[in-house]
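Inspection log for the structure reproduced underneath, given as structure tokens.
Coordinate-derived values only; no laboratory data. Please read these numbers as outputs of a predicted model, since none were measured by experiment. Cβ atoms come from the backbone with ideal geometry, glycine included; neighbour counts cover every protein chain shown.
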Amino acid sequence: MIENIQLLAQNPVGLLNLIIDGIMIGAIFALIAYGMALVWGVMNIINLSQGEYVIFGGFLAFYVSTSWELQIGAIGLSISWPGIHALWALLLAPLVLYLIGWLFYRVVIFRIVNRDMFTSILATFGISILLQQFMNGVFTADDVVARHDMGTWLAWRTDVGELAIERVRMVALVFALIVGGVLSVYLKHTRDGQAIRAVAQNARAAELMGIDADRVYARTYALNAALCGAAGVLIAMTLTIHAFTGLIYTVRSFMIVIIAGLGNVTGVIVAGIGLGAGEKVAEVVIGTSYQVAFVTGLLLAVLLYRGIRLAMQRKYLA
Amino acid sequence: MTKFELTTGLLATVAMGAMGVTTAQAKVEGDTIVLGAAVSKSGKYSTNGKHTMNGYNLAVERLNAMGGISVGGKKYKMRVIYYDDESRGARGAQLAERLINQDKVRYMLGPYSSGLTKAIVPVTEKYKIPMVEANGASRSLFTKGYKYLFAVLSTSEQYLASAIALAAEKARSAGRNPNTLRVALAFENDPFSQDVRAGVIDDAKRYGMKIVVDGRLPRDLSDMKGILQKVKLIKPDILVVSGHSKGAALAIRQIAALRVNVPMLAMTHCDSAQVIKKYGKKSEYTLCASQWAPSLSYKDNVFGSAGDFAKIFKAKYGYAPPYQAAESAAAVLVYADAFRRAGAFGTDKVRAALAATKMQTFYGNIRFDSSGKNVAKPMVLFQIQDGQYKVVAPTKWASSKIRFPTPRWDKR
């Protein structure tokens, strides 16, 4: 461990590279967590199908960026797709996922909005299994990446090394920040956004004021799926995806929301990005094997801290 | 009738009865020998499950088209009963029970993956049913004293041993002592990859190499940037990576993105991860462990050479055979050979014949040690050269010379 710290101390450029990489991947996680926090806060549902929406978006990026042909003999349909830049999927995936989210709301989620949390966990877990098997069957069971030639941005070339940042991760960071900004403006300053917040605060009162809570829920849930879809595109462009790897993103976004504290939108972005950077540095310092332990340990520490603070202030009595 | 004649008569009846029992036990319908297998048609292994099934089917069809196998003077055809194990161990074990108890299958073919094989072996052992498997490489399968398990493939600890030997050879020819080499390891934390790691560490130790990075990637690994950054700073002579297809795909993408310069990069699963198709030039120079290659010079009289098998497979299924398909086909050839030599269908006779297997197939030489693993076939090492896999080691089968060292990223 000490030699690892020495290694980083001797190579500040490497350390910087690590932190920047972490921040950028953290920004993508923050997008997913943002959606989860929204659904959790407004509808009181922990959405366990979060990761599957992400993977779905990733598959869309894959199909946008590769050339393929589809022939359905029965109806004489034949489509061929030339394959365009994967970034176009950033427009397509949120749209498609918005529709899918809407559909799932209309079929399943509306039944569980006012139920206890256990029911909603079961139902969204069911959706996640359904989507996994669907993607496995219709797409592939292969590890998939969205190809792109955006390359790496190099700076600070010295003999001790250089700063190598993938351009697509920069896009991811900028995109996440813009989306975060737009969303908070939307929630604060538009009528629709205010309706969402009103329903989150008190659904019954909001309905009495003439807000259609059902529509607000549908919009919130679909918006969450769209956010996940966009994150999925970026993940397919930076990492790899597989029909069954969605759970990683569900768990990670859950942790981020817990660390940030419910209802704390800025906190989600800060926690997402901070966790990403912290995890990368920890990986080098304490070893790859303890990466997951570090994240879980951090979660535990935050929860303990909160518990202690709460007990001291006796806030729960207020 | 004298007493003596009576005894022989009785003995003959008993013996015939016993034979009758063995034939009834053996799953042979008319002139067809029935094999059974649980293979992943759905779930996360469905792609490799398909390769496995295609391999089995091709060999069965080929043998049948050639008139079948002659056992005890009579010609028999073969047929395989498949069930979908959904890529889940528990389901695999259930289906093995079903194949043995309901379908009365007496000869099993293996599933895809070490995990599924591990789940099924206890069942086949319990009923003393032989299983020839082609896709379970984990070393731990062969340390438990299983008697009815036979594997045609090289086991996991051999996967990347030849890469270490190659690095040592290169160091010597450059006038360096191999014990000055520094090795970095990045292995997923699952039984298979850890077995591969154990083999690499044994070999590195034998040459006195120093292990400078030894990372266990979490099973749900999604990003390798941390460990690769460390490798970049430490600058080892060899980087060895294993983490199934996901690990291979991730490693090549991120090594290129982060510009990690390492003279030799060796890994497993490049071909199943389709790294050439995914990354093109970025995958050049990578060394990949493989069970088999179409350019090897092995031969048999069913498929011909390794190259012939590749042609026949491609004509039938429309894609070049990955090694998973080749080894699966070889498992069927092993059964055919064992039935022929056994000359009967009793599971114990077939088991004894399997244990005595000594043959060459298009896939390689096959001879089982007492634990049931194939000890006659080495792993080969590919290098990606100009967008193709070229065999570079072991030297005996090398079709191309290794390109070494890998140039720095700014010179590529």
* Environment charge at residue A:132 (Cβ cut-off 10 Å; Lys +1, Arg +1, Asp -1, Glu -1) -> 0
* Which order, highest average first, do B:309-316, B:144-151 follow once you tally other Cβ atoms within 10 Å for each residue and take the mean per peptide? -> B:144-151, B:309-316
* Structure fact -> Exposure-ranked with fewest Cβ neighbours within 10 Å first, A:7, B:35 stand as A:7, B:35
* Gaussian network model of chain B, Cα within-10 Å springs - most flexible of B:28, B:132, B:302 -> B:302
* Structure fact -> Convex hull around the C-alpha positions of chain B: the volume in Å³ per residue is 147
* **Distance from region A:247-267 to region A:50-116 (C-alpha centre basis), Å** => 24
* Structure fact -> Rg from C-alpha atoms of region A:175-318, normalised by the globular rule of thumb 2.2 N^0.38 Å, equals 1.25
* Ranking of B:297, A:128, B:399 by count of other Cβ atoms within 10 Å, fewest first -> B:297, B:399, A:128
* Structure fact -> Within the under-9-Å Cβ sphere about residue A:145, not counting residue A:145, Lys/Arg +1 and Asp/Glu -1 give a net charge of +2
* Structure fact -> Counting only DSSP beta bridges fully inside chain B, the antiparallel percentage to nearest 5 is 40
* **Within straight-line cross-link reach of residue B:277, aspartates and glutamates at Cα separation under 14 Å, skipping those fewer than 8 residues along the same chain** => A:142, A:143, A:149, B:386
* To do: With springs only between Cα atoms under 10 Å apart, run a GNM on chain A and tell me which of A:248, A:55, A:19 wobbles the most.
  => A:248
* Structure fact -> Of the candidates A:271, A:26, A:85, the farthest towards the positive dipole end of region A:2-317 (Lys/Arg Cβ +1, Asp/Glu Cβ -1, centred on the Cα centre) is A:271
* Compare the Cα positions of B:251, B:307, B:335 along the charge dipole of region B:249-346 (+1 at Cβ of Lys, Arg; -1 at Cβ of Asp, Glu; about the Cα centre) and return the one farthest towards the positive end. => B:251
* Asked: Of B:44/B:128; B:210/B:235; B:299/B:377; B:44/B:246; B:27/B:144; B:50/B:316, which pairs sit farther than 19 Å apart, going by alpha carbon to alpha carbon?
  -> B:44/B:128; B:27/B:144
* Asked: Got a sec? How would B:347, A:190, B:361 order by Cβ neighbour count within 10 Å, fewest to most?
  -> A:190, B:347, B:361
* Beta bridge orientation in the protein assembly as shown: antiparallel %, DSSP, nearest 5 -> 50
* To do: Mean Kyte-Doolittle of at least -0.5 plus a Cα span of 27 Å or more along the axis: flag which DSSP H helices in chain B meet both, please.
  => B:3-25, B:323-342
* When averaged across all projection directions, what area in nm² does the alpha-carbon convex hull of region B:316-362 cover? -> 4.0
* Structure fact -> Across all Cα atoms of region A:2-317, Rg and the largest Cα-Cα distance (Dmax), in Å, are 20.9, 71
* Net charge over other residues, Cβ less than 12 angstrom from the Cβ of residue B:67 (K, R count +1; D, E count -1) -> +3
* Return, in residue-number order, each cysteine of the protein assembly as shown whose C-beta is not under 4.7 Å from any other cysteine's C-beta. => A:228
* Asked: Relative to the Cα centre, what is the charge dipole magnitude of the protein assembly as shown, using +1 at the beta carbon of each Lys and Arg, -1 at the beta carbon of each Asp and Glu, and rounding to the nearest 20 debye?
  -> 820
* Structure fact -> Calc'd 3J(HN,Hα), region B:392-404, phi into Karplus 6.51 cos²θ - 1.76 cosθ + 1.60 (θ = phi - 60°), Hz, glycine/Pro = x, comes to 10, 7, x, 3, 4, 10, 5, 9, 9, 8, 5, 9, 8
* chain A: most fluctuating residue of A:78, A:120, A:65 per GNM, C-alpha cutoff 10 Å -> A:78
* Calculated Rg and Dmax of the protein assembly as shown using C-alpha coordinates, Å -> 29.1, 112
* Run through every distinct alpha carbon pair of region A:7-142 and return the Kirkwood hydrodynamic radius in angstroms, one decimal place. => 17.7
